[in-house]
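What follows is a set of notes on a single structure, which appears directly below.
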Amino acid sequence: MAGKIIVTDHVKKRLKDVRQSGILISDLIHAAGRIPGRVPVAARFRGFVAATGRVFDIVIKDVAIGRLVITVIGK
């Protein structure tokens, strides 16, 4: 994926929740960058692992200026 990864304020707020504890913004950026191709509509990608070992899903969408991380769901 060429372009930048954009993490929304909603995601930053969710990272403070207990369910998402142990997941860092850098984990999200790494996960979003690993998804190949173009994502024209919001889609959920499952089974990423944070550096702390926490499993999480992300919802992303490609926009004109980069890849938008819409939300994160901790497992």
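Helical runs assigned H by DSSP (4 residues or longer) give the chain a calculated mean residue ellipticity at 222 nm of -5500 deg cm²/dmol, each run adding -39500 (n - 2.57) before division by the residue total.
An ellipsoid equivalent to the chain, defined through the eigenvalues of its Cα gyration tensor, has semi-axes of 20, 12, 10 Å when rounded to whole angstrom and sorted largest first. Based on Cα contacts under 8 Å between residues 6+ apart, the chain shows a relative contact order of 40 percent.
Summarising the amide proton neighbourhood of Arg67: residues at separation of 5 or more, or on other chains, whose placed amide H is nearer than 5 Å comprise Lys4, Ile5, Ile6.
Here, each number is a calculation from the coordinates, and none is a lab measurement. All of these numbers come straight from a predicted model, not from anything done at the bench.
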